[in-house]
Structures are given as structure tokens and as C-alpha cells.
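**Q** Please see the structure below; I have some questions.
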Amino acid sequence: MTSRSASRRRSREAALQVLYAADVKGREGSESVPLEEAFERVSAHFELPEGARAFAKELCCGVASNREDLDRSLAAHSEHWRLERMAAVDRNILRLAVYELLRTPTPASIVIDEAVELARRFGGERSPTFVNGVLGALAREVAE
């Protein structure tokens, strides 16, 4: 793995943790923390080079500002699963990956591989398969 791809992986890990924290806070009904503040809190625990930190912040802000559209895309491609019933980790891995698939120049194969790795690391036993299936369906549609 090159140092750039390692930095991008760490960026995605940091972004996932920020998005997860914001999602869980919002679902608990507790006062939500502004995303910028959540990003600063979480990213302080990661040793990210400036470029990786900027990419993580771009991902977080992109997901937050496009969340309704991302959730619509996810709902359309996750058969028999409502977003609110998905595990919070899986839901946020998918949001992150869908944002990257639809709004960045990152190749679909890399986005899917990285999302599956996040699911393997942070999700449940079935998370990698679930994430791969949803993203595969979306990527096929995007490619057409």
C-alpha cells in the first residue's frame, strides 16, 4: 500500500468515526454537536498529515451536506433494509462510500474495496458482505 493510499484509508476511518458519532448522537435525541466540532474532537485522536486531514473533513462535510440524496440512493439499492434499521456503522460506511462514488473521482473499485475494509474492521460479521452488495448494485447503476 502506498503512503497516499494509507493516508486516504486513515482519512476514511476518521471520517467514519465522526459520522458515526454524529449519527448516534442524533438518534439518542441528545443535542447534536455541529459537524465541524465533532470533526475536531475525533480527528484530534488521529495522527493525520494535513492532506489526509483535509480529505477526511471533505468527506464528512460532503456526506453531511448531501445526506438526503445519499440516503435516497442507499434506500433504492438496499433491498429489504430501511436505513433506520441498518446498524449505525454500516449505514455510515455506506453513506461515506456513496458520497465518494457519486461526488469524487475515486474509482468505484477502490471505493468499494475501502468500504468493505471499513466494514471488516468496524462492522459486524455480516457487514462486509452487506456493504459490498449494496455498493455493487449502486456502482453498476452509476456505470450504466
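**Q** How are the C-alpha pair distances of the chain spread across 5 Å bins, as whole percents from the shortest bin up?
**A** For the chain, the binned pair fractions read 2, 10, 21, 25, 22, 13, 6, 1, 0 percent.
**Q** Continuing with the same structure: Just need the Rg to Rh number for the range 31-89, please, alpha carbons only, Kirkwood Rh.
**A** 1.06
**Q** On a full-extension model of 0.36 nm per residue, what is the gain between Glu79 and Arg4, subtracting their alpha-carbon distance, rounded to one decimal in nm?
**A** 23.5 nm
**Q** Hey, quick one: spin label on Asn66, modelled 7 Å out along Cα-Cβ, who in the range 77-102 has an amide N within reach, i.e. under 13 Å?
**A** Residues 95-102 fall inside that zone.
**Q** Then there's this: Apply the a/c threshold of 1.5 to the C-alpha gyration tensor of the range 66-136 and tell me whether it is rounded, prolate or oblate.
**A** oblate
**Q** In the range 52-130, which GluC sites (Glu not before Pro) fall in coil by DSSP and have 13 or fewer other Cβ atoms within 10 Å?
**A** Those that pass, being in a loop and sparsely packed, are Glu79, Glu125.
**Q** OK, next. Mind ranking Ile93, Ile110 by accessible surface for me, highest first, 1.4 Å probe?
**A** Heavy-atom accessible area, descending, gives Ile110, Ile93.
The values are calculated or read from the model by the stated rules, or taken from the named source; none is laboratory data. Everything numeric in this text was worked out from a predicted model, so none of it was measured. Ideal geometry is used to build each Cβ from the backbone, glycine not excepted, and the neighbour counts take in all protein chains shown. Ligands, DNA and RNA are stripped out before the accessible areas are found, and what is left, the full protein with its side chains, is counted by its heavy atoms. Shrake-Rupley method; radii C 1.70, N 1.55, O 1.52, S 1.80 Å.
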